[in-house]
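The values are calculated or read from the model by the stated rules, or taken from the named source; none is laboratory data. No experiment lies behind these values; they were computed from the predicted model shown. Reconstructed Cβ throughout: ideal geometry from the backbone, glycine too, with neighbour counts over all protein chains shown. For the accessible areas, the whole protein counts, side chains as well, though only heavy atoms, and no ligand, DNA or RNA atoms are used. Shrake-Rupley method; radii C 1.70, N 1.55, O 1.52, S 1.80 Å.
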Amino acid sequence: MKYHVWTEGCQMNVADSQRVGSALEHLGYRFTEKPEDADVIVLNTCVVRQSAEDKAYGRLSSLRPLKERKPNLVINLMGCLVGIRDTDTLKQRFPYVDVFSPPSDPGPLIAHLTQDESYLLDRTETQNRYAVMDDELLIPLHERGKLVSAHIPVVYGCSHACTYCIIPYKRGIERSRPVTDIIAEVRSLALQGVKEVTLLGQIVDRYGKDTPDGPNLSKLLQIIHEEENIKRIRFLTSHPSYFDRELMETVANLPKVMPHIEVPIQAGDNTVLANMKRGYSQEEYRELVAAIREYIPDCSIATDIIVGFPGETEEQFMETYRVLSDLRLDVAHLARYSPRTGTVSARRMEDNIPDQEKRRRFHLLEELQEQIVSEINAGLLGKHVEVLFEEKVKGRWKGRTPTNKLVFVETDRDLLGKIIPVTVTWTGPWSMQARLNPELVSLPPVKEHSR
Ligand code: SAH
């Protein structure tokens, strides 16, 4: 028996898919790259923008003929297209789907395959399927021993309600996972060879704030830091309003916590930020970036930006352009505003920036950011950086620096899971190349950033 998983969207979905895969393998299914060979197909979907939702529909339609040819095929629609609410409309629209599962919940699929209803969550309780799954089953067999870097959800859902965002409607209210569950998962992953963990949450720096007696993110990082076999720790996504000095100090003081912060600004203009209900101003964001750089000197910073939010004028857009130009961040994930049914902005604000104009703004930021990142990365030419190697892709080893920059090294040596200092020989905006220098293995890492 074979299964196939298709994943769209955020790292939370990647983590969810991994969990479904391992649950299926526990039931005796084996992974296949080819959907046409599979007995079970999981589509793990994203609806954060219309383009992602359209991809899910495209995939779904493409499975219809397969299901007609193979009536025993089990199709599981999972993730944010399903959401936490009732699935009747989806069931009517896609009658050939066998199982509907909300984000982060493999339960309905397992219940369907085993005919055992005990896998179904009581949705009146705090939804936390992961906690009840066997610790040894976190990584699918076909990835065990190969997976160097794993994602661990630490906060489910989101209660922030940014006006454009559909995630709270699809993933439910904010729920921090108990620290004991997280540690059990970290240990289990470490036993299976994982070297790096990335803690996930829609607003990860709110970890613990919904459970007054639990640890906060700083404390959680300190606890995970004690795990000997985990060599690197990351976390994302942070919200500017919750990123406090304690967290900056924690990142600065714990050597395994990597100097890379993902903290979206979304827009540079204060009126647009207020319309988005983000809860901070451009000035506050600038101060935050300055503080992060002061506390964590070699820190790289990533941001997210939405262009063409309802009513965004040219002048307001140029505020975003100026902030990005001034701050010289390491990564900017750009998106064109996409109205999402049910959100405040879709209900109350007209999507009045033409697509053409959204594209123009997008490209302006894209060009600016490419220039900035090219310059930042060029500063690394000839420098030594420590890279954790994750996999071999087309003959080259692929890894990441502490600041999360992508590095490729050509070598016959087996670098899987190793952290090795290398010398950068070529840099581009999206990746770099480097060569091994074994004589440096015993030297301390060299400062990576030169801005
Ligand atoms: N919770 C995280 C990630 C949210 S989704 C956060 O708050 O940052 C990832 C990104 O998608 C967001 O940061 C935002 O830039 C983008 N996004 C969310 N909703 C969107 C929408 N309706 N239209 C366009 N981009 C959107």
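For the reader, a short list of remarks on this structure follows.
- Meets criteria (within 30 Å of Lys195 (Cα to Cα), within 12 Å of the ligand (Cβ to nearest atom) and of a type outside the set (D, E, K, R)) for Tyr242: yes
- Residue satisfying all of: in the stretch 369-400; surrounded by 16 or more Cβ atoms within 10 Å (Cβ to Cβ) and assigned to a helix (DSSP H, G or I); nearest to the ligand (Cβ to nearest atom) among these: Gln369
Condition check ((1) within 21 Å of the chain's Cα centre (by Cα); (2) closer than 17 Å to Lys195 by Cα) across all residues:
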position: Glu226; (1), (2): no, yes
position: Arg234; (1), (2): yes, yes
position: Leu247; (1), (2): yes, no
position: Asp269; (1), (2): no, no
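- Extreme residue, nearest to the ligand (Cβ to nearest atom), among residues of the stretch 158-173 that are modelled with pLDDT under 95 and open to solvent by less than 20 Å² (accessible area, probe 1.4 Å): Arg171
- Selection of the stretch 410-428 for residues being among the hydrophobic types (A, V, I, L, M, F, W, C), open to solvent by 30 Å² or more (accessible area, probe 1.4 Å) and closer than 17 Å to Lys231 by Cβ yields Leu416, Ile419.
- Members of the stretch 298-354 that are within 14 Å of the ligand (Cβ to nearest atom), part of a loop (DSSP other than H, G, I, E, B) and among the basic types (Lys, Arg): Arg340
- Among the candidates Tyr295, Tyr285, Tyr321, the residue that is over 22 Å from Cys80 (Cβ atoms), hydroxyl-bearing (Ser, Thr, Tyr) and within 23 Å of the chain's Cα centre (by Cα) is uniquely Tyr285.
- In the stretch 195-217, the residues that are within 16 Å of the ligand (Cβ to nearest atom), crowded, with 19+ Cβ neighbours inside 10 Å and charged (D, E, K, R): Asp205, Arg206
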